[in-house]
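Coordinate-derived values only; no laboratory data. Remember, it's a predicted structure, so these values are computed and weren't measured experimentally. Cβ placement follows ideal geometry from the backbone for every residue including glycine, while neighbour counts extend to all protein chains displayed.
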Amino acid sequence: MDVLTRTRGCGGILCRYSEIATKGRNRSEFERLLVRALKRHLALLAPLKVVRERGRIFLFPEGRETFPEDVLDILRNAVPRVFGLASLSPGTWVAPELEAIEQAVLETFPAAYESWVQRRPDPGTPIRYAMRARRNNRAFPLKSTELEVYFAQLLLPRYPRLKVDLGDPELRVDVEVREDGAFISYERVEGPGGLPPGSGGRLVALLSGGIDSPVACYQAMRRGCTLHYVTFHSAPFTPPAAISKVARLVHRLNPLQYRPGRLYAVNLLEAQQAVRDACNPRLRTVLYRRLMVRICSVVARTENAPALLTGENLGQVASQTLENLTVIDRAAAVPILRPLLTFDKNETTEIARRIGTYEISKEQVPDSCTVFAPERPVTAATLERVVEQEARLDVPDLLRACIEATVLVDPETFEEKAPSPRLQQMLAQYLGAGAAV
């Protein structure tokens, strides 16, 4: 007797996904990664029995018949952090027979109905009701719509305040009839969607203390990517809080991925001073950004990441015009991904509020972008002009100085330590291969 048969009559959790269903022969691997993410985020619930069953994932508690309510509260808080999950419902698993489904609905519906009565105490106010049935078991005698009609005819006479509203129900009953059982639920907790952690490869993110770059990290994680982070400062011109602020953002972001990413903090001051002393002031920001992506290209080699990630947004500031972004791209040894390229600022801010980074990002702390910033930055740099200015610099020596001044920062304790020797080795390889134009 399999797990689904043994657990009939028990409370459980039905997990739904959407995009994973399109993965064809690779679907099983994506499901495995989603189960791994579920187990990690729901580890505090209880020991779990996990069943993967044709487009659905079922969770049942080990050693008990159902999940207690306090455990379900933990579940509701955890769901938005499980990438790859479309939605999740706590409910009851019964035999795939009309009599068993009817009995379970009659036993569980009164509590669901009463919760809406308490919210709508006026007896003259109708409670919008709908049942949504899904039948995967072709041997079941009623089709999905017939099952919905059957229960409407059963429940509406008993509960006069119910009013059928298929478009916008308040009290919704979901019934899934499968070959091994039927699942009845009254709650649907929405997940973030996307793809499960670990399915999308590695990236190195340029992470500042602003609003945009943490949201870009979130968007990439939602596509299954694993991130390491690089932040830039200009100590002593920038305060220690410039680093600790970013470390707090990393501490907020890291739980969203399967393994925590490392935070590299790079002191850019020596390079900035060289640009200030030798180059056209209007081009400083573009020149700084090109040095940054070169350094991050070295970190990407160190972390075996095939691309970089930034929070840049087309036209948001002078360095983010199409012309300037194109010139900056030419300095990178790997592609640069920009998830927020076409986002409206309000969209980005709303996501930041939802994921809990906004309150940290809005703290006013000077960062490296403000050091020696030009009064009138160029908005349409050309590659020829920028390369001519960089010829006045010893770029390899500046990269070495920045890498030597790089530390790894613990996002929890803010403790700093030297990175592995591999970073220096990757710099040597990068310079030996010829730095990007």
Report task. Arrange the peptides 419-426, 194-201, 103-110 so that the one whose residues have, on average, the most other Cβ atoms within 10 Å appears first. Result -> 194-201, 103-110, 419-426
Query raised in the report: What does the charge add up to near CYS225, with Lys and Arg as +1, Asp and Glu as -1, over the other residues with Cβ less than 13 Å from its Cβ?
Result: +3
**Report entry** Partners for LYS245 among lysines (Cα-Cα distance below 20 Å; same-chain residues under 8 apart left out)
**Finding:** LYS362, LYS417
Query raised in the report: Counting other Cβ atoms within 10 Å of each Cβ, which GluC sites (Glu not before Pro) in the range 344-396 have at most 16 and sit in a DSSP loop?
Result: GLU363, GLU375
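What list do you get for TYR430, TYR264, TYR258 if you sort them by fewest beta carbons within 10 Å?
Taking fewest neighbouring Cβ atoms as first place, the list is TYR258, TYR430, TYR264.
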Report summary line: Cβ density ranking, 10 Å radius, fewest first, applied to TYR17, TYR229 yields TYR17, TYR229
Query raised in the report: Fewest first, what order do ARG222, ARG289, ARG25 take by the number of other Cβ atoms within 10 Å?
Result: ARG25, ARG222, ARG289
**Report entry** Cα-based reach from LYS23 at 15 Å (exclusive), listing aspartates and glutamates while leaving out same-chain residues under 8 positions away
**Finding:** GLU31
Query - the range 80-225: C-alpha gyration tensor shape, a/c 1.5 cut-off, then a/b vs b/c - result: oblate
Query raised in the report: How far is the Cα center of the range 259-333 from the Cα center of the range 138-166, in Å?
Result: 60
Report task. Check cross-link reach from LYS163 to the lysines: straight Cα distance under 23 Å, and skip same-chain residues fewer than eight apart. Result -> LYS143
